[in-house]
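Laboratory data are not the source of any read-out in this text; all were calculated from the coordinates shown. Note that the structure is predicted; figures quoted are calculated from it, not measured. Every residue, glycine as well, gets a Cβ built from its backbone with ideal geometry; the counts of neighbours run over all protein chains shown.
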Amino acid sequence: MNQLLELYWTFVKLGCVTFGGGYAMLPILERELVDKRHWTTMDDLRDYFSIGQCTPGLIALNVSTFIGEKRKGVSGALAATVGFVTGPIIIILLIATCLTNFAHLPVVQHAFAGIRVCVCVLILQAVLRLWKKSVVDKTALVLYLAVFLLNAFSGVLPVRVPAALLVILAGAAGIVISSRRQAAKDQKKGGSGK
């Protein structure tokens, strides 16, 4: 029960600072879940982000569910998920009741402008961290460029390429590439053993 409460409380705190979406949360999640608590590794966290991007819902919420399930099964997944949404629901309700009264004030508008800048920095930091760990060779760079260009120019191409299809194709390419590399390693080992 203590572990479930710890999961719940940890994700309540994380949920309260979820500004800018999942990618902006990556540095915060890494610091709290990888460095401080050692509940997961950075490689696993990146995998959770990848899966979270492909599944319905918010990325950071999906990540909390995955980590909760890894720690304590279904009850852990529920504790982490409910914990993650508790803070934002309370904050959103408070803001919604007050925002209409104060949204026109310059100080509130300037605060939102500052928050947007901070979110951009957090997202850029997450992109750079993911880049360093994901684009590790020429093959990964080519795959990155192909997906980036297809996504960036999808609006001007004769056929619009859905982002979900790009994710599926990139995953399939990753499977094919790693299978071929493993086969080449196995063949090399077999050849050197003769």
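A few notes on this one:
- Full-stretch length increase - VAL159, PHE102 - with 0.36 nm per residue and alpha-carbon distance subtracted: 16.1 nm
- Using only side-chain charges placed at the Cβ, +1 for Lys and Arg and -1 for Asp and Glu, the dipole size of the chain relative to its Cα centre rounds to 740 debye.
- Here the Karplus relation 6.51 cos²θ - 1.76 cosθ + 1.60, evaluated at θ = phi - 60°, turns the backbone of the stretch 137-146 into coupling constants of 8, 5, 4, 5, 5, 4, 4, 4, 4, 4 Hz, with x for every Gly and Pro.
- Between ALA172 and LYS132, full extension at 0.36 nm per residue minus the direct alpha carbon distance yields a gain of 12.2 nm.
- On Cα atoms only, tilt of 163-192 relative to the major axis of the chain in degrees: 40
- Legend: residue pairs LYS72/LYS188; LYS133/LYS185; LYS36/LYS132; LYS72/LYS138, Cα-Cα distance threshold 32 Å; pairs beyond threshold, LYS72/LYS188; LYS72/LYS138.
- Helix 59-102 vs. the chain, principal-axis angle (Cα, 0 to 90°, nearest 10): 40
- With contacts taken as Cα pairs under 8 Å at a separation of at least 6 residues, the chain carries a relative contact order of 24 percent.
- Under 19 Å from LYS13, Cα to Cα: aspartates and glutamates that are on another chain or at least 8 residues apart: GLU30, GLU32, ASP35, GLU69
- Each of ASP47, ASP186 has some number of other Cβ atoms within 10 Å of its Cβ, and from fewest to most they run ASP186, ASP47.
- Using just its DSSP H runs of length 4 or more, each adding -39500 (n - 2.57), the chain gives a mean residue ellipticity at 222 nm of -27500 deg cm²/dmol after division by all residues.
- Matching label, Cα Rg over 2.2 N^0.38 Å computed from the structure shown, candidates (1) 0.94; (2) 1.07; (3) 1.27: (3)
- Sites matching chymotrypsin sites (Phe, Trp or Tyr not before Pro) across the stretch 19-92 that sit in DSSP coil, with at most 14 neighbouring C-beta atoms within 10 Å: PHE19
- Shape of the stretch 113-194, Cα gyration tensor, a/c cut at 1.5: oblate
- Summing Cβ point charges (Lys, Arg +1; Asp, Glu -1) relative to the Cα centre of the stretch 1-85 gives a dipole of roughly 180 debye.
- Available extension along the chain between THR55 and ARG181 is 42.5 nm, counting 0.36 nm per residue and deducting the alpha carbon span.
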